[in-house]
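All remarks here apply to the structure that follows.
The values are calculated or read from the model by the stated rules, or taken from the named source; none is laboratory data. As the structure is a prediction and not an experimental result, all values here were calculated from the model. Cβ: placed from backbone, ideal geometry, glycine included. Neighbour counts: every protein chain shown.
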Amino acid sequence: MAQTLRHDVKDLALAPEGVRRIAWADRQMPVLAAIRERFEREQPLAGHRISACLHVTTETANLARTLSAGGADVVLCASNPLSTQDDVAAALVEEYGVAVFAIKGEDNDTYYRHIEAAVDHRPHLTMDDGADVIGVLHSARREQLGDVIAGTEETTTGVIRLKALERDGKLGFPVIAVNEARTKHLFDNRYGTGQSTIDGIIRATNVLLAGKRFVVAGYGWTGRGVAMRARGMGAHVIVTEVDPLRALEAAMDGYEVLPMEAAAAIGDLFCTATGDKNVVTRAHMERMKDGAILSNTGHFNVEIEIGALRDLAVETREARAMVDEFTMADGRRLYLIGEGRLVNLAAAEGHPALVMDMSFANQALSAEWVIQNAATLERKVYDVPREIDDEIARLKLATMGIDIDTLTEEQAHYLASWDEGT
Ligand code: ADE
């Protein structure tokens, strides 16, 4: 078993810059800040150990501060080897008393050693973005399953895995699917991924999107966000899908819909957002134009067949930071951003704080809710309670200075009745 370390970060001297950037993000996270103030007074998480496996960003730092303010003892590891912001990791250790195990660019062994370190914390609550901590607890650390009251899961891919565990009768404790909250996926997955993915592609390459053919694989909430923002930058957007309904929506939203095989031959940029593996394959790469740029914004780096890209290449080099160039035998060059990992976190800073405010408000309030309701929860995947979701929307609107109407009694009655006609 890996030795428990108090922390493993790149350089504690980076802490002051991390503190500045965490404060900057905090200004865009008023809902979480209000929860933090209440947590500080009420201590709803007191006495609980939390192992969180999340992208180590300024926004996550503000969540970790909130959990600590509520009385939790928090250990944080990264949920992706390329997404850690080293200054933030340092600041959490130096300034905020959170044990962090995360270094940007860590190799696979270190990545899993860091997850082990988080599991060594013997959590009462787990907080995952991609189900890695829960995965370790359900395989190598089954003896710890009984210690865990509940878990939360941030992302679509993780929720799919947890539902598979539940379906097979193997889920060891209740889990809240934070991703399913409307105040999470409708905003984070769509507007967050939409903006930050384009941000990552541009920071990495500095290419002009106007007039380019931009292929988006997958038209779920993230694919929609990417397609919408790529169109906003003047790209001609092509969507590929396997689901007929989503394909129809993409067509009626005004995008060209093609099979990947056809899109491969004409695309200038490709971005995968499906959550599935081998979406861009060797056969597609063989058809691509010289200069095509490949990226992925799905959780795992399995959507682009990277092994095939390496096999096909007669020469590989780093073209610029975060961009690898693969030269094919016929002279065509294909470019891969951020090793095919989440482009928005590998090449940019992830979703802006203003949307993470709602995602992480869901995390914090779900942690409180599972502790309050532990006695009645079963080994199931639960949605975030509707009251929490609605309350976060109300609070967010208030912080944005937006007022809305209220149903009159007469209107409420009309909506609840069946006998009022024309
Ligand atoms: N996932 C996507 N963007 C993120 C961010 N800024 N912080 C944490 N997790 C994220």
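One residue stands out in segment 384-408 among those that are more than 24 Å from ALA64 (Cβ to Cβ) and acidic (Asp, Glu): the one that is farthest from the ligand (Cβ to nearest atom), namely ASP405. Restricting attention to segment 38-65, the residues that are β-branched (Val, Ile, Thr) and either farther than 14 Å from ALA90 by Cα or more than 14 Å from the ligand (Cβ to nearest atom) (or both) add up to 1. Among the residues making up segment 347-373, a single one is closer than 13 Å to THR205 by Cα and buried (at least 24 other Cβ atoms within 10 Å of the Cβ): ALA347. For segment 279-298, the condition of being among the hydroxyl-bearing types (Ser, Thr, Tyr) and within 16 Å of the ligand (Cβ to nearest atom) holds for at least one residue. Filtering segment 118-135 to residues that are in contact with an Asp or Glu (Cβ under 7 Å, 6 or more places away or on another chain) and not in a loop (DSSP other than H, G, I, E, B) leaves ASP128, ILE134. All conditions in (1) surrounded by fewer than 24 Cβ atoms within 10 Å (Cβ to Cβ); (2) away from the ligand (no atom under 16 Å from the Cβ) hold for VAL9, with the sole exception of (1). Does segment 125-141 contain any residue that is under 25 Å from GLN372 (Cα atoms), surrounded by fewer than 24 Cβ atoms within 10 Å (Cβ to Cβ) and of a type in the set (Lys, Arg)? No, that holds for no residue. The residues of segment 332-361 that are closer than 11 Å to GLY192 by Cβ and either more than 11 Å from the ligand (Cβ to nearest atom) or without any contact (Cβ under 8 Å) to a residue 60 or more places away in the chain (or both) amount to a single one, MET358.
Residue-level analysis places ALA89 outside the set of residues that are more than 16 Å from the ligand (Cβ to nearest atom), crowded, with 18+ Cβ neighbours inside 10 Å, more than 27 Å from LEU377 (Cα to Cα) and touching a residue at least 40 places away in the same chain (Cβ under 8 Å). Residue-level check: of (1) without any contact (Cβ under 8 Å) to a residue 60 or more places away in the chain; (2) surrounded by fewer than 20 Cβ atoms within 10 Å (Cβ to Cβ); (3) not aliphatic (A, V, I, L, M), LYS380 misses just (1). Flag not set for GLU318, criterion: within 21 Å of ASP199 (Cβ to Cβ), surrounded by 21 or more Cβ atoms within 10 Å (Cβ to Cβ) and modelled with pLDDT of 95 or more.
All of LEU186, LEU258, LEU248, LEU209 fail the test of being over 21 Å from PHE326 (Cα atoms) and either small (Gly, Ala, Ser) or in contact (Cβ under 8 Å) with a residue 60 or more places away in the chain (or both), apart from LEU209. Scan segment 190-199 and give yes if some residue there is farther than 18 Å from ASP357 by Cα and either part of a loop (DSSP other than H, G, I, E, B) or free of Cβ contacts under 8 Å to residues at least 40 places away in the same chain (or both), otherwise no. Looking for residues that are farther than 18 Å from ASP357 by Cα and either part of a loop (DSSP other than H, G, I, E, B) or free of Cβ contacts under 8 Å to residues at least 40 places away in the same chain (or both), one finds at least one in segment 190-199, hence yes.
Filtered by the rule that a residue be free of Cβ contacts under 8 Å to residues at least 60 places away in the same chain and buried (at least 24 other Cβ atoms within 10 Å of the Cβ), segment 25-60 gives a lone residue, VAL56. Taken over segment 382-404, residues that are closer than 22 Å to ALA52 by Cβ and in a helix (DSSP H, G or I) amount to 3. The C-beta contact set for segment 222-240 (first residue of a type in the set (S, T, N, Q), second residue in a strand (DSSP E or B), distance under 8 angstrom, 6+ apart or interchain) comprises THR240/VAL215; THR240/VAL216; THR240/ALA217; THR240/VAL257. Report the residue count in segment 182-217 for those that are within 15 Å of the ligand (Cβ to nearest atom) and small (Gly, Ala, Ser). Matching residues across segment 182-217 total 4. Would you check if there is a residue in segment 283-301 being of a type in the set (Ser, Thr, Tyr), closer than 16 Å to GLY220 by Cα and under 24 Å from the mean Cα position of the chain (by Cα)? Yes, some residue in segment 283-301 is of a type in the set (Ser, Thr, Tyr), closer than 16 Å to GLY220 by Cα and under 24 Å from the mean Cα position of the chain (by Cα).
Pairing each residue of segment 142-156 that is assigned to a helix (DSSP H, G or I) with any residue that is more than 16 Å from the ligand (Cβ to nearest atom) and hydrophobic (A, V, I, L, M, F, W, C), provided the two are 6+ apart or on different chains, yields C-beta distances under 6 Å for GLN144/LEU137; LEU145/LEU137. The residues of segment 201-217 that are in contact with a strand residue (DSSP E or B) (Cβ under 7 Å, 6 or more places away or on another chain) and not aliphatic (A, V, I, L, M), listed by number, are THR205, LYS212, ARG213, PHE214. Please work out if SER79 is crowded, with 19+ Cβ neighbours inside 10 Å and within 20 Å of ASP132 (Cα to Cα). Answer is yes for this residue. May I ask you to verify whether ARG317 is among the charged types (D, E, K, R), within 16 Å of the ligand (Cβ to nearest atom) and touching a strand residue (DSSP E or B) at 6+ places or on another chain (Cβ under 8 Å)? The answer is no for ARG317.
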